[in-house]
1. Quick one: with label points 7 Å out along Cα→Cβ, list the inter-copy distances for B:Gly45 in nm, shortest first?
2. If one computes the Cα centroid of the range A:1-26 and of the range A:44-85, what distance in Å separates the two points?
3. Which residue, B:Leu97, B:Leu196, B:Leu74, tops the fluctuation ranking in a GNM of chain B built on C-alpha contacts under 10 Å?
4. Treat the count of other C-beta atoms within 10 Å as a stand-in for reagent exposure and order A:Phe118, A:Phe105 from fewest to most.
5. Can you tell me which of A:Arg98, A:Arg147, A:Arg117 moves the most in a GNM of chain A? Springs connect C-alpha atoms under 10 Å apart.
6. May I ask what percent, to the nearest 5, of DSSP beta bridges between residues of the protein assembly as shown are antiparallel?
7. So, with +1 on the Cβ of K and R and -1 on the Cβ of D and E, and no other charges, what is the size of the charge dipole of chain B about its Cα centre, to the nearest 20 debye?
8. I need the inter-copy label distances for B:Gly191: point set 7 Å along Cα to C-beta, values in nm with one decimal, smallest first.
There are 2 protein chains.
Amino acid sequence: MKSYGQYCGLARALDVIGDRWVLLIVRELLDGPRRYAELLDGLPGIATNLLVDRLRSMETSGLLTRQQDGRYALTSRGEGLNDVVYAMGRWAGPLMLRPSGNDAFRSHWFRHMVVVRFEGADPRRGNLVVEIHSGDEPMTLISAGGRVHMVRGRVDKPDIVLTGPPEGVVGVIVGVLPPAEAAARGISIGGDARKLKRLRPARRSVPATATAKAPEAPATA
Amino acid sequence: MKSYGQYCGLARALDVIGDRWVLLIVRELLDGPRRYAELLDGLPGIATNLLVDRLRSMETSGLLTRQQDGRYALTSRGEGLNDVVYAMGRWAGPLMLRPSGNDAFRSHWFRHMVVVRFEGADPRRGNLVVEIHSGDEPMTLISAGGRVHMVRGRVDKPDIVLTGPPEGVVGVIVGVLPPAEAAARGISIGGDARKLKRLRPARRSVPATATAKAPEAPATA
DNA sequence: CTGCATCCGGGCCGATACTG
DNA sequence: CAGTATCGGCCCGGATGCAG
């Protein structure tokens, strides 16, 4: 992509990560090193030449390296994009209620979509294990020690089992879709749905990122 | 731009803000409503048709509205992108040391570049007024009440006056360029340069954003 | 089978000229 | 001042080929 040619932080960042697919490749690699075929599967819709082009340019711009085993891994600089990816994921919250429809979906994307909503530790958060069946592989949400994690696969004795389209699963987990209405969205809930409240103890929808704005501008109140 | 067609927060966000120039338009409007000609001046390099195209599509996607006076203003949804813009600006820190060279520059961009480095209130931060001459108009940095602001124009009796290329000004302010070496970078400092330390009281280079990563990451599987 | 490289059509981007 | 029109070129996307 052509450089913006502006001495500005945002513009210089976009010169590096503004190309199409770049941030989605970062998303995939934030889960750990991946090989070419795994990336191709995790990035439905990308053309093979574009994937290679991006991997090359991201390597020269210092976002990733190629390991001895041939897998691609983020550099520390690339991992620094975690905050950018999560800021965008948080902003996208309202967009996720729209049904997935024909959109492609991979189960491991749940990790970012969910963790972004439960960032930080909250000691009042209860322990909970939720098994999720949506997409190409089972995933398990684990709330423990005040933090929420998400791992591939299943674990023994989940408290709840969720099955259905991804937007319904996300809605139930983040609490915008009441369990009573979940069935109408194609979600089936195994176990005691009331336990889901443990994930959101008090009234803390926004994790106190403290959007320190300058004093002019209309300030979103 | 074509949609990624993925049910993923990052992908859906990029479907809306991934188009070239969109985030830079947001950057301009984060300073408040602007008219067409002002945007054109604040976005050196953009073609007039592209600016119009972006303004139209950003209006239909709910990022901005047109006021009665014809000026363009961010909606609350658009202002929500503040965190995204700042996350990228923070990540771009290391990229800003490279000289501006032939890059275009507008003085009001200092606001984002500087505020992003002093986000949040720190009661130990001292009061300071720095007048800056770099680019197309004078700017003034004001540290008061533990917060750092940046305003257009000049105020009476600044403590320090900085003049020179933008990368030198940024370097001196954030502290990576010692005042003793500033002259070699074309920076002239009026007043007592030691007062600049007031801006960075303790050893807090990173504002404790607490990059909460999941514990699995390396995933050698 | 994995990991690319090449080719080509279409659309978006960028620069300039022009208009109410 | 605030756009509209036009056109060349580059990037993107999909298909296909091919070497280890």
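1. Copy-to-copy label distances at B:Gly45, shortest first: 2.6 nm.
2. The distance from the Cα centre of the range A:1-26 to that of the range A:44-85 comes to 14 Å.
3. Most flexible of the set in this elastic network: B:Leu97.
4. Result, fewest neighbours first: A:Phe105, A:Phe118.
5. With Cα springs under 10 Å in chain A, the top fluctuation among A:Arg98, A:Arg147, A:Arg117 is at A:Arg98.
6. 80 percent
7. Value, rounded to 20: 580 debye.
8. With the label placed 7 Å along Cα→Cβ, B:Gly191 yields 6.0 nm.
Each value in this text was obtained by applying a stated rule to the coordinates, not by laboratory testing. None of these values were measured; they are calculated from a predicted model. Backbone-built Cβ (ideal geometry, glycine too); neighbour counts: all protein chains shown.
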